[in-house]
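Enquirer: Take this structure first; my questions come after.
The values are calculated or read from the model by the stated rules, or taken from the named source; none is laboratory data. What you are looking at is a predicted structure, and each value in this text was computed from that prediction instead of being measured. Because the Cβ atoms are built from the backbone with ideal geometry, glycine has one as well, and the counts that use them run over all protein chains shown. Areas reflect the complete protein model, heavy atoms only, side chains present, ligands, DNA and RNA absent. Shrake-Rupley method; radii C 1.70, N 1.55, O 1.52, S 1.80 Å.
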Amino acid sequence: DAMVIQNPRYQVTQFGKPVTLSCSQTLNHNVMYWYQQKSSQAPKLLFHYYDKDFNNEADTPDNFQSRRPNTSFCFLDIRSPGLGDAAMYLCATSRGTSGRGGYSYEQYFGPGTRLTVT
Amino acid sequence: GQNIDQPTEMTATEGAIVQINCTYQTSGFNGLFWYQQHAGEAPTFLSYNVLDGLEEKGRFSSFLSRSKGYSYLLLKELQMKDSASYLCAVERLQAQLWSRNRAGGSYIPTFGRGTSLIVHP
């Protein structure tokens, strides 16, 4: 059974036309993450939510926004996509984030949405 | 800042053993994950190390030396299906300010670019 679901799997949008990617989870995890991954590169963390608390990475462009209306759903909004935003967008969840003493939670990833900008 | 370094590509023969290294430099280090990612698919969790030493899990083992900023993933009895990218992810403490009255920190993983392993018959 799918645990982290991303829709759509493939998205084509026009330069400058807003687009929304969605992620849902059936794991009831506290934390949801959005990563951008370009070909042969590391997944780059854009932001994450710990419950309703939003955490933006310092180098995430303002063009990228996120919403988490409830525990199960999280959205990535790209307000004005540029050609450089074409990438795979990965959503991930975890039960929590690590605390001191070595306690850690692994991430569960969705299948990704491949975004093409024309 | 932080720096995570892995070899870009490795090749090995079916049935052999391969070691994939990861070196890192980061502040606030807590632990290190290894993930496997097949082409066009999402990463899947393999292992986690927080203490120095070797963690064994079936054909896969992972080692960590905190003082040297070094980890490796060891794959034994290689199979063709092991052809994939192997991502090292370093956990670091990220201070967060959620509101004027609430601040704290979380350990957030940051990924290396991955090592593409090609297994030949």
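Enquirer: Scanning for something of a type outside the set (A, V, I, L, M) and free of Cβ contacts under 8 Å to residues at least 40 places away in the same chain, does the stretch A:1-19 turn up at least one residue?
Expert: yes
Enquirer: Considering the stretch A:30-62 alone, what residues qualify as being touching a residue at least 24 places away in the same chain (Cβ under 8 Å), in contact with an Asp or Glu (Cβ under 7 Å, 6 or more places away or on another chain) and buried (at least 19 other Cβ atoms within 10 Å of the Cβ)?
Expert: A:LEU46
Enquirer: Let me ask you something else. Could you list all residues from the stretch A:19-59 that are of a type in the set (Ser, Thr, Tyr), within 13 Å of chain B (Cβ to nearest Cβ) and not in a strand (DSSP E or B)?
Expert: If the condition is that a residue be of a type in the set (Ser, Thr, Tyr), within 13 Å of chain B (Cβ to nearest Cβ) and not in a strand (DSSP E or B), then A:SER39, A:SER40 are the ones that fit.
One line per residue, one yes/no per condition, for (1) at pLDDT 95 or above; (2) within 15 Å of A:THR20 (Cβ to Cβ); (3) more than 8 Å from chain B (Cβ to nearest Cβ):
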position	(1), (2), (3)
A:ASP77	yes, yes, yes
A:THR97	no, no, no
A:TYR103	no, no, yes
A:GLN107	no, no, no
A:VAL117	yes, yes, yes
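Enquirer: Residue check, A:PRO81 against (1) part of a strand (DSSP E or B); (2) more than 12 Å from the chain's Cα centre (by Cα), all met but one. Which one?
Expert: Condition (1) is where A:PRO81 drops out.
Enquirer: In addition: Can you tell me which condition A:GLN14 does not meet? The list is (1) open to solvent by 90 Å² or more (accessible area, probe 1.4 Å); (2) within 24 Å of B:ALA39 (Cβ to Cβ); (3) modelled with pLDDT of 95 or more, and all the others hold.
Expert: All conditions pass for A:GLN14, except number (2).
Enquirer: I'd like to check which strands (runs of 3 or more DSSP E) are fully inside the stretch B:1-63 and have at least 3 residues that are open to solvent by 40 Å² or more (accessible area, probe 1.4 Å) and either within 11 Å of another protein chain (Cβ to nearest Cβ) or touching a residue at least 60 places away in the same chain (Cβ under 8 Å) (or both).
Expert: Numbers: elements: B:2-5, B:9-13, B:18-26, B:29-37, B:44-49, B:53-57.
Per the criteria, B:9-13, B:44-49.
Enquirer: Got a number for residues in the stretch A:79-95 being within 14 Å of chain B (Cβ to nearest Cβ) and out of contact with any Lys or Arg (no Cβ under 7 Å at 6 or more places or on another chain)?
Expert: The total comes to 7.
Enquirer: Now, a different point. Given the structure, is A:SER40 at negative phi and not acidic (Asp, Glu)?
Expert: It is false that A:SER40 is at negative phi and not acidic (Asp, Glu).
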